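Since the structure comes first, as structure tokens, the remarks are kept for the end.
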Ligand code: ADP
Ligand code: MG
């Protein structure tokens, strides 16, 4: 579903991604762990083309995301199509404060897919039910807890019926007691065979939920294997050092 091949990304003189390869098969869940500054967010943002990579190829369901050969309006159309198929959830929820919960969820389907209000509302309610927040449909984000806001952000991403969901530290801005409700929603997506690429600092959750785990450091994938192996018996010294500090 997602294929990342030899991806390089520089910010000026600083090479942040140094040849990343990554495959996420349909229905699988891959977790990425690693120290702060190792390039995890840049990698996720590159998959979505929020960062323009300098070298390499990114494919979504066989379609090349980055298209250095394409310019202007044609590329914009191309990337908008691609982005409709990728749901992204960030650390900070970025809900629109002036829109109710349901309007936050249905905005993209209405604007980007031209969905009529009734169909959009039905779809939106369905997504809110998926994250357990149907009763908050007409509430504004300021009235929600951080965990509820993040669940709305997930519902909003799901409303576009994405082929893959990208999570960048979705729970790291939350108070500890609110983490579990978001993790539960992510687990339920896993049960529905949603394809997911998850950057997380929650080792227990990563170990539990993922099919495959990567340890990144310094812009490279240091090690990748099953989560059980990564978290209990990693091959690389750098992985062991990191886990000693974070488990
Ligand atoms: P992580 O998510 O693993 O903490 P990031 O991908 O956010 O790491 O950052 C990797 C490196 O790239 C860091 O050194 C960071 O300072 C740098 N970086 C990220 N975004 C930018 C940017 N827009 N401009 C310059 N440097 C950046
Ligand atoms: Mg990050």
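Structure values in brief
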| quantity | calculated |
| --- | --- |
| Tilt relative to the chain, helix 237-246 - C-alpha long axis, 0 to 90 degrees, to 10 | 50 degrees |
| Ranking of 105, 24, 182 by count of other Cβ atoms within 10 Å, fewest first | 24, 182, 105 |
| Prolate/oblate/rounded label for region 132-187 (Cα gyration tensor, a/c 1.5) | oblate |
| With eigenvalues of the C-alpha gyration tensor scaled by 5 and rooted, region 61-105, Å | 28, 12, 10 |
| CD proxy at 222 nm, helix term only [per DSSP H run n ≥ 4: -39500 (n - 2.57); per residue of the chain; nearest 500] | -12500 deg cm²/dmol |
| Dimensionless Rg/Rh of region 112-247 - Kirkwood Rh, Rg from C-alpha atoms | 1.04 |
| Gyration tensor (alpha-carbon) shape descriptor, region 61-137, a/c threshold 1.5 | prolate |
| Fewest-first ranking of 242, 140, 11, using other Cβ atoms within 10 Å as the exposure measure | 11, 140, 242 |
| Relative contact order (percent, whole number), region 81-215, Cα cutoff 8 Å, 6+ residue spacing | 31 percent |
| Approximate shape of the chain as ellipsoid semi-axes (Cα gyration tensor, √5λ), whole Å, largest first | 30, 23, 15 |
| Between helix 117-130 and the chain: long-axis angle, C-alpha atoms, 0 to 90°, nearest 10 | 50 degrees |
| Fewest-first ranking of 41, 172, 31, using other Cβ atoms within 10 Å as the exposure measure | 172, 41, 31 |
| Potential extension, residue 81-residue 64 segment - 0.36 nm per residue separation minus Cα distance | 5.0 nm |
| Euclidean distance between Cα centres, region 187-247 to region 91-121, Å | 33 Å |
| Antiparallel bridges, percent of DSSP beta bridges restricted to the chain (to nearest 5) | 55 percent |
| On Cα atoms only, tilt of 146-158 relative to the major axis of the chain in degrees | 90 degrees |
| Scaled radius of gyration (Cα, divided by 2.2 N^0.38 Å) that region 92-171 gives | 0.99 |
| Estimated D of region 1-142 in µm² per second, where Rh is the Kirkwood radius over Cα pairs and Stokes-Einstein applies at 4 °C, 1.567 mPa s | 75 µm²/s |
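Each reported figure results from applying straightforward, stated rules to the coordinates on display, with no laboratory input. Predicted model, so just to flag it, every value in this text is computed and none were measured. Note that we place each Cβ from the backbone using ideal geometry, even for glycine, and neighbour counts take in every protein chain shown.
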